[in-house]
Amino acid sequence: MDLNKLVGDTNPEDLKKIIAILQAVVSLKDSDNEPETNDTKKSNIKTKSRQRPPIERTGHNQFLDMPEQNMHKEDTAFQKKVSKHPPVPRSRPFTPISVRCRICGEVEEVNPTLVESPDRYKCNSCSGSAG
């Protein structure tokens, strides 16, 4: 590299100041760069052991204490939509039907909504196996 091209019309005093600053920076970096041990390298790697601790369940639904719980009751348009279809129980009663598995021949009593066609029924154990 040609130093004259880089320096050009720069004042020699300014160059000496720049060199002094660069030497100070290099000496600081040399003192900071200590050889890394295996311990410092491992600390930079994120592992799965730093996961959040599990949330403690108190069993109390805090939503029931909030004013937002009853806000929908003031909304008449919403109430009209909801009142058209009254709530239904989650588990509706059913009369089980007797079906025979087409693979193993086992006879089971099952919910009729789970059977599309009684002659095509396959039990859980046969459904989970290959073939």
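The values are calculated or read from the model by the stated rules, or taken from the named source; none is laboratory data. As the structure is a computational prediction, the values presented were derived from the model and not from experiment. Cβ placement follows ideal geometry from the backbone for every residue including glycine, while neighbour counts extend to all protein chains displayed. All accessible areas refer to the heavy atoms of the entire protein, side chains included, with ligands and DNA or RNA removed. Shrake-Rupley method; radii C 1.70, N 1.55, O 1.52, S 1.80 Å.
Filter the range 114-125 down to the residues that are over 24 Å from SER91 (Cβ atoms) and either open to solvent by 100 Å² or more (accessible area, probe 1.4 Å) or touching a residue at least 40 places away in the same chain (Cβ under 8 Å) (or both) and list them by number.
ASP119, ARG120
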Long-range neighbours under 7 Å by Cβ, at least six apart or interchain, first residue over 15 Å from CYS126 (Cα atoms) and assigned to a loop (DSSP other than H, G, I, E, B) within the range 96-113, second open to solvent by 60 Å² or more (accessible area, probe 1.4 Å) and among the aromatic types (Phe, Trp, Tyr): ASN111/PHE94
Which ones in the range 75-90 are under 36 Å from the mean Cα position of the chain (by Cα), open to solvent by 80 Å² or more (accessible area, probe 1.4 Å) and modelled with pLDDT of 70 or more? PHE78, LYS81
